[in-house]
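All remarks here apply to the structure that follows.
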Amino acid sequence: MLLGQIFQSIEAWRKLSSVNMKPSIAYAILKYTKLVFDEHAIVEKQRVALLREVTGTKDGEIAKIEPDSPKFGEFVTKLNEIMSQESSLEEIDLDLSQVVVALDGKDDALSVSDLAMLEPFFLSTDVGPIT
């Protein structure tokens, strides 16, 4: 899994972790979410360090890049390199179908987009027939 997938999925993980579900699934999600948040924190530190590097700013200073500037292009290129790196985070030992079933009846729990962000993190994503 790529660091970019982890970085982009953080809001979906926050939403998932706030939904009530069976304790056995909730506990597995809790343990895994901690790992995802730790990995996200590492990527965020790299992103901020890169921003400071490109802008020449220090801690406590405001770092700003204009969207059409050469520095912005440099930042985006280097950030994409970071986000394209493989993470050591392994998939959660849980089927996405178990989570979907646990969320059944909670219509506004997760959107299609949230599920798409979460899908790569699960061992199996076969949700079976929709009933």
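Each reported figure results from applying straightforward, stated rules to the coordinates on display, with no laboratory input. All of these numbers come straight from a predicted model, not from anything done at the bench. Note that each Cβ is placed from the backbone with ideal geometry, even for glycine, and that neighbours are counted across all protein chains shown.
Numbers at a glance
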| read-out | value |
| --- | --- |
| Under-21-angstrom lysine pairs by C-alpha in the stretch 3-121, whenever the two are 8 or more apart or on separate chains | 14 |
| Rg [Å, one decimal], Dmax [Å, integer] - the stretch 55-100, C-alpha atoms | 17.9, 48 |
| Mean separation of Cα contacts under 8 Å (6+ apart) over length of the stretch 3-121, as relative contact order % | 44 |
| Given (i) 54, 26, 25; (ii) 39, 35, 28; (iii) 41, 28, 28, the label whose value is Cα extents along the principal axes in Å derived from this model | (i) |
| The stretch 95-108 - phi-based ³J(HN,Hα) in whole Hz, Karplus 6.51/-1.76/1.60, Gly and Pro as x | 7, 4, 4, 4, 5, 4, 5, 5, 8, 4, x, 10, 3, 9 |
| Loop GluC sites (Glu not before Pro), the stretch 1-86 (other Cβ atoms within 10 Å of the site Cβ: 15 or fewer; DSSP) | 61 |
| Net charge of Cβ neighbours under 14 Å - reference residue 27; Lys, Arg +1; Asp, Glu -1 | +2 |
| 76, 99, 112, 43 arranged by Cβ crowding within 10 Å, fewest neighbours leading | 112, 76, 43, 99 |
| Net charge of Cβ neighbours under 13 Å - reference residue 112; Lys, Arg +1; Asp, Glu -1 | -3 |
